[in-house]
Amino acid sequence: MNQNIQRAATPAAVSLPRPMTAPMPTADAMTPKEILGILRRHIWMIVLFTVGGAIVGTAAHFLLQRIYPRYTARAQIEVLPPVEGDPLTFNISQPQKDTYY
């Protein structure tokens, strides 16, 4: 006989899931005092990165403004001559004129 065959689990060996309960509060949550302590310890790094980012952003703005000047849009409007004849009548022989924008 084959030695590698395992027996099927018996009904007594099957564990049922436990009913859902509300999670217990953990002690890992940070208190406001701990948050203020972290901010106090890293205040110079926060100020340094804020001022440094403002300087780099301002320099990039003026550099890019010099390299890529402001975009100026240009457009042309074509004015067609007035239609000869009565504008209140519909003439099939009148050519269709497209409007270009």
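The values are calculated or read from the model by the stated rules, or taken from the named source; none is laboratory data. What you see is a predicted model, and the numbers here were worked out from it, not measured in a lab. Heads up, the Cβs are rebuilt from the backbone with ideal geometry, glycines too, and the neighbour counts pull from every protein chain shown.
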For Gly85: the one exception among (1) at positive phi; (2) at pLDDT 95 or above:
(2)
Please list, ordered by first then second residue, the pairs with beta carbon atoms under 9 Å, 6 or more apart or interchain, first in region 59-79 and of a type in the set (Asp, Glu), second modelled with pLDDT of 90 or more.
none
Considering only residues that are modelled with pLDDT under 85 and of a type in the set (Asp, Glu), which ones fall in region 1-49?
Asp28
Can you confirm whether region 88-98 contains a residue that is modelled with pLDDT of 80 or more and in a loop (DSSP other than H, G, I, E, B)?
no
